[in-house]
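Below is one structure, written out as C-alpha cells; comments come after it.
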Amino acid sequence: MRRLGESVIALRDGIQVAEDGYKGDYVGELATAIPADVAARAAEAREAHSADPDRDEVAVIGKWASERIRIGIQSSLAALGVEFDVWRSEGSLYTEGHVERTIEKLRAAGWLEERDGALWFKSTAFGDDKDRVVKKSTGAYTYFGSDIGYVEEKFNRGFDHLVYVWGADHHGTVARVRNAGEALGYQKEHMEMLLVAWVRFVRDGVEMSMSKRAGTFVTLDELLEEIGVDSARWYFASRSASTAIDFDIKAATARNNENPVYYAQYAHARMQSILRKAATEGLATAPAIGDLLDNETSADAVLARVVVRLPEVVEDAAAHHETQGVTTYATELATAFSAFYRDAKVVDSSAPELSAKRLRLVQAAATSLAASLRLLGISAPAEM
C-alpha cells in the first residue's frame, strides 16, 4: 500500500515512479483524481513531518488509492456475478486488536519465543522445516502475523471450517498457517487452502503478456466486455483450481460449437424449441418415459442415464470444492442430447404415445441442463 501511495504521489508531482513502484495508466488516473479532503489531509501530514508510517502523506494517499481500487474490484466482481458479504482490510486486523490478542494467546500457550530481537512462532513443533518470524526486530509484524490474526478472527466469528482461496505462489504459507491454527486450538483439517493456478490469456495463438507492477494486463471489465459473463464464468469453472487456464479469447467469443458454453446453451435452447413445437401441435407430455429404457443402447436410454446423474455430479463438486465436474456434465448432456435428437424423432403426430414419452425425456434433459448451468451462474436461454 505504501508503494502504491508513493507511486501516486510521484505521478501527481510529475516525477518518475520508483523501479519497484506501480506503473500503468490506472496509477496516473488515481494521481489526477485525489479528492480535495484527501489532498488536504496528505498536505497536513507532509507539513507536520509525520514519522508515523500509518499517518504520513504516503499512508494517507496509499489508503485512499487502495480503497478506490477495492471499490473498482468489487464493481468488477459484481459484473461477473461474484458477491462478498464482508470486505476486510489487513489493517483492520491490527486496529481492531485481532493480531495482538492472537499473539498473546500463542504466548500464553508457550508457542512464541524471543530470538535475536524478533518474535518467532515455534512452527517446527508442528512438523515445519523451520520456525517462523511473527514480529521483526524492528517491531513490524510480518505477513504471517496478519495471517494468524485472521485465523483467530474468522473462528471467533462463529465459523467452524475455513476455506482459503489463494494464488499458487502462496503454497509455502499453507503449512505455517495451519500450524498456527493448531497451536491456537483449532483442527488443521478445518483450515483448507485451495491454491489457484495462473490464468494465461491467448489471442490468435500468442500469449498476452501481463504485469501488475508494469501496468500491462487484461482487466476483468475488458474481458467481460469482449466475451461476456457466461463465457467467462464457464472458462473459470471448467478447470480445477490447481490447473492453469489458457484463456483463448477467440474461442471464447465464438458463436459455434467450438465454444463449449455456446454448445451447452444451444442444446438447451433446442430442447425448449422442441417442447414449444410439440405444444403448438397439441402433443402431450407423458408422466414417465416407461419402456424407452428397455433397449439399453438406444439414444433414449443413453440420454436418460446422463440426465439422472446430475445429483451425483453436484454432490461430488460440493465435496471437492471444484466446479469442473459440472461443466463436464453439461457438455456430456448436450452431446447425448445431440445424438438423441439425431437418432430419435420426438415430435411425431403419427405416434403420439412415443412422442409423449420422448417429450418427457426432453423435458427432463432441459431441467438438468438448465440446473447445471444456473449452478455455475450461467444463463440457460430458451431461444438462440
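The values are calculated or read from the model by the stated rules, or taken from the named source; none is laboratory data. Just so we're clear, the structure is a prediction, and the values are computed from it rather than from any experiment. Methodologically, a virtual Cβ is constructed for each residue, glycine included, from the backbone with ideal geometry; neighbour enumeration extends over all protein chains shown.
Scan region 55-88 for residues that are touching a helix residue (DSSP H, G or I) at 6+ places or on another chain (Cβ under 8 Å) and of a type in the set (S, T, N, Q) and report the count.
Adding up the residues that qualify gives 2.
In region 2-29, what residues are in contact (Cβ under 8 Å) with a residue 12 or more places away in the chain, outside any loop (DSSP other than H, G, I, E, B) and closer than 20 Å to Met210 by Cα?
Selection gives Arg3, Leu4, Ser7, Asp25, Tyr26, Val27, Gly28.
Looking only at region 164-203, which residues are under 19 Å from Leu93 (Cβ atoms), in a strand (DSSP E or B) and of a type in the set (A, V, I, L, M)?
Val165, Met191, Met193
Just one of the numbered conditions (1) of a type in the set (A, V, I, L, M); (2) part of a helix (DSSP H, G or I); (3) over 20 Å from Ala380 (Cα atoms) is not true of Ala284; which one?
Single failed check for Ala284: (2).
Report, by residue number, each residue of region 344-382 that is charged (D, E, K, R) and either modelled with pLDDT of 95 or more or in a helix (DSSP H, G or I) (or both).
Glu353, Lys357, Arg358, Arg360, Arg374
Kindly indicate the residue of region 108-135 that is aliphatic (A, V, I, L, M), within 18 Å of Val177 (Cβ to Cβ) and outside any strand (DSSP E or B) and also farthest from the chain's Cα centre (by Cα) among those meeting that condition.
Ala109
Output the qualifying pairs, or none if there are none: Cβ atoms under 8 angstrom, residues six or more apart or on different chains, first residue in region 116-131 and of a type in the set (S, T, N, Q), second residue in a loop (DSSP other than H, G, I, E, B).
Ser123/Lys130; Ser123/Asp131; Thr124/Lys130; Thr124/Asp131
Are any residues in region 284-339 within 30 Å of Glu189 (Cα to Cα) and of a type in the set (Gly, Ala, Ser), and if so, which ones?
Those that are within 30 Å of Glu189 (Cα to Cα) and of a type in the set (Gly, Ala, Ser): Ala317, Ala318, Ala319, Gly325.
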